[in-house]
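Quick notes on the structure that follows.
The values are calculated or read from the model by the stated rules, or taken from the named source; none is laboratory data. Bear in mind that the values here come from a model prediction, so they are computed numbers and not experimental data. Here the Cβ is made from the backbone with ideal geometry for all residues, glycine too, and neighbour counts use every protein chain on show.
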Amino acid sequence: MLRIYCPVCNGLLRLEDGQREAVCVNCGTRVAVPQGYTEAESSYLFAAEAMQRRDFEGAYQTYTEILSAHPEQAEAHFKRALALYEIEYQEIGEGRRRLVCHQAGKANFLGNADVKQALELSEGTQKELYEKQAAEIHALQKQVSAHA
């Protein structure tokens, strides 16, 4: 059985194998199931939607669930750290975004176990992106602590 989440209310939709559409029991939204959609993809989408809603705790819990089933997922480790520090990129217009860390006072982001694990498990371009993003977050933390 495959699980996906409603894009409107995040209610869990249970689908039998081969079913192409489901109706959310919470809000009635009809959800088409993409070809080859997996439960892991559903969990990543649910976590991403939680982050968008600033439900950092929900995202953290979802990434924890992903990691309990797939501990080698570098992306889940890194994004769980983002959820822990309540980090988001806010649109400020004209395609520009700014980094916001709602928990800038927490311990050093670069020292976080999930960040370290993500860097250890990733390679190539993905590792470079994680390193760059971690450095930006660390710089923001230093800036905030200097003003505190």
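Counting only helices (runs of 4 or more DSSP H) wholly contained in region 55-148, the ones carrying 1 or more residues that are small (Gly, Ala, Ser) and surrounded by fewer than 16 Cβ atoms within 10 Å (Cβ to Cβ) occupy 56-69, 113-121, 124-147. Scanning region 87-112 for residues that are of a type in the set (A, V, I, L, M, F, W, C) and without any contact (Cβ under 8 Å) to a residue 12 or more places away in the chain gives 92, 107. For region 35-50, the criterion of being surrounded by fewer than 18 Cβ atoms within 10 Å (Cβ to Cβ), modelled with pLDDT of 85 or more and part of a helix (DSSP H, G or I) is met by none of the residues. All conditions but one from (1) out of contact with any Lys or Arg (no Cβ under 6 Å at 6 or more places or on another chain); (2) closer than 30 Å to residue 11 by Cβ; (3) of a type outside the set (Ser, Thr, Tyr) apply to residue 114; the one that does not is (1).
Between 132, 79, 116, which is farther than 22 Å from residue 62 by Cα and modelled with pLDDT of 85 or more?
None of the others qualify; the one that does is 132.
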